[in-house]
Each structure stands twice: as C-alpha cells, then as structure tokens.
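First comes the structure, then the notes that go with it.
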Amino acid sequence: MIRRLVPLIFLGLLLAAPHTVPDALGAGPPLLAQAESDEDLTSGFDDGEEEQGGKKVDDDDLSSGFDDAPEGKDAGAETAAKPSFWQLNGFLRMDGSYNYAHKAPAAGETDHRGLSKLRAALRLELSLKLGGSWKSKVSGQAFHDFAYGLNGREQYTTEVLESREQEAELREAYVEGSLFENMDLKLGRQIVVWGKSDNIQVTDVLNPVDNREPGLVDIADIRLPVTMTRLDYFFGDWQLTVLAVHEIRFSKNPVFGSDFFPFPSRPPPEVIPSDGGENTEFGLALGATLPGFDLAFYAARFFDDTPHTVLLSGNRETCFVFPGSCRLELRHSRLTMGGAAINVASGNWLWKVEGAHFSGLEFFNLPGRTLSRVDLLVGFEYSGFTDTTLSIEAVDRHLLNFDPILENPPDGAQEDVNQYVLAYRADLLRQQLHVLAVAVFFGGEAEKGSLQRYSATYDWFEAFSVTGGVVLYSPGDGSNFLLQGAKDNDRFFLEAKYSF
C-alpha cells in the first residue's frame, strides 16, 4: 500500500512547481567549434531506437499500438472502458543528482558542489486513430528543477536558469498513413534514426540531441524531434525513404555558467538559419533486411550541428591572445554526407560496419576553404549469455588534407579522433533488475578522456521503477573541450518514474 502512494507524492511535487513555464524550444548558445562532435558524449547512452527492416522502432514509444477490443461478450465493455480511437500515455518522474567531486569555487563563481539536480518532470502523449491506415501522435514534456531555488538562484547565470531550471516543449507531433499500397507518408515533428550502431553516431545526422548533462540525460530524451516530411516506398525486400527537414534545430549544449561549460567567458553570438525555403535539409535512404544481414545506404544535405567561428573584424592572429579584441560569430556550415551501414548476424554474434564521407567542413583558422572527413566504425554485439548483452564499438574520424594550424583555438581540431564504447546490459531477478555499464573512451589509450556510467533500474511494480547509479568523467589531456568542462563533475544520481 505504501509503495503505491509514492507516485501520488511525485504528482504533488509537480503541482507545486510554478505554473508559468517558458517555451524553450531553442537549443541555447552552443560551444565554440571543436573536433569532437557534441553527440559523442551522449552516444553511449542511446535510447533504444533503431531501424528494423527500414522502419523506425522506438523501444520507449509510449503508444506502441492500439489494442483492439477482445472478441466475445466482453468486447463492448472493454471498448467503453478504453476507446479504440485514442490513447493517452505518459510518465511522472523525479530525478536528482549529487556532485561529490567538484572543488570549492573561487570568489564570485558558482558553487557546483552538492545537490546538482532535483527535477520533477511530466510527459504526456496522445495517440489517435484517424481512420483507415492513418494515425497521429502528439507529445509534450515539462519540468521544473527545485535545486536552483534550494541552492540560491542568484549564484547562477541567466543562461543556466533559462536552460535548466524549467522548460516546456512540444516533442513529437505528426500524422502518418499510407498514400498507396506501397507508399507511406509521415508529416510533422518526428525522430528518424539512421545507421546500425547503438552507441556511436556516424550516419545518424538528422536529429539533434540533448547534451546539456552528458551521461545524465534521460535515455528516452537524447534525440530531439524536428519537423519533416517523410515518404517511404516499399519494393520487395527494399525500402526507399525520402526526407525533407523543414525545421532547423541544433543540439542543446551546456550553456555559459553551467557545470559542464568548458570556457571562462560567453561564446560569440550564433547565427541560426531560418526554417524552410532554401535552408530545407534533405535526406535519402535505401535499405533492406536480407537473410542474415541488414544493409542500408544514406545521403544527406544538412547543416553541421557543431558551429564554426567566423571573424567579422579584428586581427585573426591575436583574437585569442587578447580576448575581446575581435568581433566573432558562430555559423553552421552546410554539409553533404554519403554513407552506408551493414549488420551481419552469426549465431550469438552481431557484427557492425558503418562509414560516411562528409564534405563542406569550415574552420576559423582556414578561412575560405572547406575540408572533408571520413568516419569509419566497426563493432560487435554478443548475446550468448542469458539475458545479457556485451558490445564493443570503435570509430575513427579522419580529417582529410589536415593542416596543423587547425589545432589552434578556437578550432582545436585533430587529424584523427578515435572513440570506442564498451557496454554491458543485463536483466536479472526475473527481469526486474536492469543493470547497465557503459564506458566511452577517446584516444587509442583513452588519453583524451573518458565518460563512464554505471546504473541499475529496479521495476518495483508494473508502472513504477527506481534507477540509481554514478557517472564518472575524466578530461584526459585536455584536448576534448567538453570533457575538459566536465572534469570534477563526478556524481551520483537517483530517479523514480511512474508510467501510465
């Protein structure tokens, strides 16, 4: 009886939060350009979405389908209790984290020690049957973090309070159905997952991510939906997907003054391309599920999620020797990507290879020039143990025609960026206890830093679960800007979640 009162306590906390919640659809000021992609720091904590047979499968989809009423004398009663044309789902969640490694701040700086988060969140998702094969989904989420009020709001920057104290946003909102027997249409805000890797993004370039708290973002919330039009054409074992992305949206990164922001001053202003028109992004995918393996080819024309710095006025050679002597701006390059991915199943083994070529990369220290990069990933997954999965994935991101001047700030680029991920997942105690261990390393010997997460989730009863764990950060040699900002941020975290 007591344990079933817990969700009501969380509901009370949510209702106690301020009712005026600002719209926070924007990603906030990004970091200066860097060699490592911002997604790399969260890619080891993926959300279980994948392409199976060319169609997106979301393990955390709160409306995985509409149950038809059972046949027989109870069908009418069942239909009355649960209308077949609509379904409302969601969750209430309370999560907190405690920073035990941060050092005492200097005078005037934010004290990031101790309680880092005490957040109440609510997500609602409405699914509708529109007739025939057509259906729709609309979901939204809001949260309020009580830690800032408890710690004293006056010590935080405006950017931190606007980005992390409270937020309300529209998530997925789309309509989908069949235009013809072999052609489907999906229109609206949605998530499209490309590639075969579970832990590292190579060809998966269409959706930004929430990277404000590396390793701590809720697993279901890493990818952020964008508005797009999607057409799928099916022929034999193959599926052709054509995409037009109308909403220009970039990842949510740590903002100035947050415990993960790596620089002592505010970043330059960022230019955000307008939505639609000539800025529309495009994607093309061709894939098939064949006996023993999956194969897919990808092409995209899109804006680089990581901006580069542009000099508007001042001396390029002394801009970062004398801060404030130059006028700078952050811009997003238009990139072209072509890639492919394959999964090969052999007994308890699943082998993965994924590669992509990117062109159009721009850098501060090479004005007027564009470079290309080749990313190559290999990995495997082993599931021969009962209710246990082990996986290793490694990627090399090689910058073609590399010039050593790119190592200078603000680019901080490297000719090769190596990353590898080790993951262990197990379901224990009759699948009530879910254990996760993920380690993300940069550099051949992890000399450029690492991020590790160890957690366990216990399903207390059908709709209620508790998760606890620890996240560890190592900055390495300091060349990885985001990990440099994350140093001394080791923390414990605890989450309780009630789904309905």
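The values are calculated or read from the model by the stated rules, or taken from the named source; none is laboratory data. Predicted, not measured: the structure shown is a model, and the values here were computed from it. Note that each Cβ is placed from the backbone with ideal geometry, even for glycine, and that neighbours are counted across all protein chains shown. Quick note on the areas: whole protein, heavy atoms, side chains included, nothing else; ligands and nucleic acids left out. Shrake-Rupley method; radii C 1.70, N 1.55, O 1.52, S 1.80 Å.
Here are the numbers for the structure shown:
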quantity: Number of the exception - Thr241 against (1) part of a helix (DSSP H, G or I); (2) closer than 30 Å to Val421 by Cα; calculated: (1)
quantity: Filtered residue count, the range 382-420, keeping only those that are outside any strand (DSSP E or B) and either in contact with a Cys (Cβ under 7 Å, 6 or more places away or on another chain) or of a type outside the set (A, V, I, L, M) (or both); calculated: 17
quantity: Test: Ala173 is crowded, with 16+ Cβ neighbours inside 10 Å, of a type in the set (Gly, Ala, Ser) and over 23 Å from Leu451 (Cα atoms); calculated: yes
quantity: Some residue of the range 178-193 being open to solvent by 50 Å² or more (accessible area, probe 1.4 Å) and among the hydroxyl-bearing types (Ser, Thr, Tyr); calculated: no
quantity: The lone exception for Tyr458 - which of (1) at pLDDT 95 or above; (2) open to solvent by less than 60 Å² (accessible area, probe 1.4 Å); (3) part of a strand (DSSP E or B) it fails; calculated: (2)
quantity: Filtered residue count, the range 475-497, keeping only those that are at positive phi and within 20 Å of the chain's Cα centre (by Cα); calculated: 0
quantity: Leading residue by the ranking (nearest to Gly485 (Cα to Cα)) among those in the range 91-127 that are part of a strand (DSSP E or B) and in contact with a helix residue (DSSP H, G or I) (Cβ under 7 Å, 6 or more places away or on another chain); calculated: Ser116
quantity: Tally, over the range 382-403, of residues that are surrounded by fewer than 20 Cβ atoms within 10 Å (Cβ to Cβ) and over 21 Å from the mean Cα position of the chain (by Cα); calculated: 14
quantity: Near pairs, Cβ below 7 angstrom, 6+ apart or cross-chain, from the range 299-326 (under 26 Å from Val202 (Cα atoms)) to any residue that is assigned to a helix (DSSP H, G or I) and open to solvent by less than 50 Å² (accessible area, probe 1.4 Å); calculated: Asp305/Asp38; Thr306/Asp38
quantity: The range 461-495 - residue that is assigned to a strand (DSSP E or B) and touching a helix residue (DSSP H, G or I) at 6+ places or on another chain (Cβ under 8 Å) and, of those, modelled with the highest pLDDT; calculated: Phe464
quantity: Those residues of the range 369-393 which are touching a residue at least 60 places away in the same chain (Cβ under 8 Å) and hydroxyl-bearing (Ser, Thr, Tyr), in sequence order; calculated: Ser391
quantity: Meets criteria (outside any strand (DSSP E or B) and either of a type in the set (A, V, I, L, M, F, W, C) or out of contact with any Pro (no Cβ under 6 Å at 6 or more places or on another chain) (or both)) for Pro254; calculated: yes
quantity: Filtered residue count, the range 407-424, keeping only those that are free of Cβ contacts under 8 Å to residues at least 60 places away in the same chain and over 12 Å from Leu366 (Cα atoms); calculated: 6
quantity: Within the range 237-267, considering residues that are small (Gly, Ala, Ser) and touching a residue at least 40 places away in the same chain (Cβ under 8 Å), the one surrounded by the fewest Cβ atoms within 10 Å (Cβ to Cβ); calculated: Ser265
quantity: Residues located in the range 128-161, provided they are open to solvent by less than 60 Å² (accessible area, probe 1.4 Å) and assigned to a helix (DSSP H, G or I); calculated: Ala147, Tyr148, Gly149, Asn151, Gln155, Glu159, Val160, Leu161
quantity: Enumeration of residues in the range 472-492 that are surrounded by 21 or more Cβ atoms within 10 Å (Cβ to Cβ) and over 17 Å from Pro254 (Cα atoms); calculated: Ser479
quantity: Considering residues of the range 294-323 that are of a type in the set (Ser, Thr, Tyr) and more than 30 Å from Lys196 (Cα to Cα) only, the residue surrounded by the fewest Cβ atoms within 10 Å (Cβ to Cβ); calculated: Ser313
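Yes/no per residue for (1) polar (S, T, N, Q); (2) farther than 23 Å from Gly485 by Cα:
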site: Asn418; (1), (2): yes, no
site: Leu433; (1), (2): no, yes
site: Leu436; (1), (2): no, yes
site: Gly444; (1), (2): no, no
site: Glu447; (1), (2): no, no
site: Tyr454; (1), (2): no, no
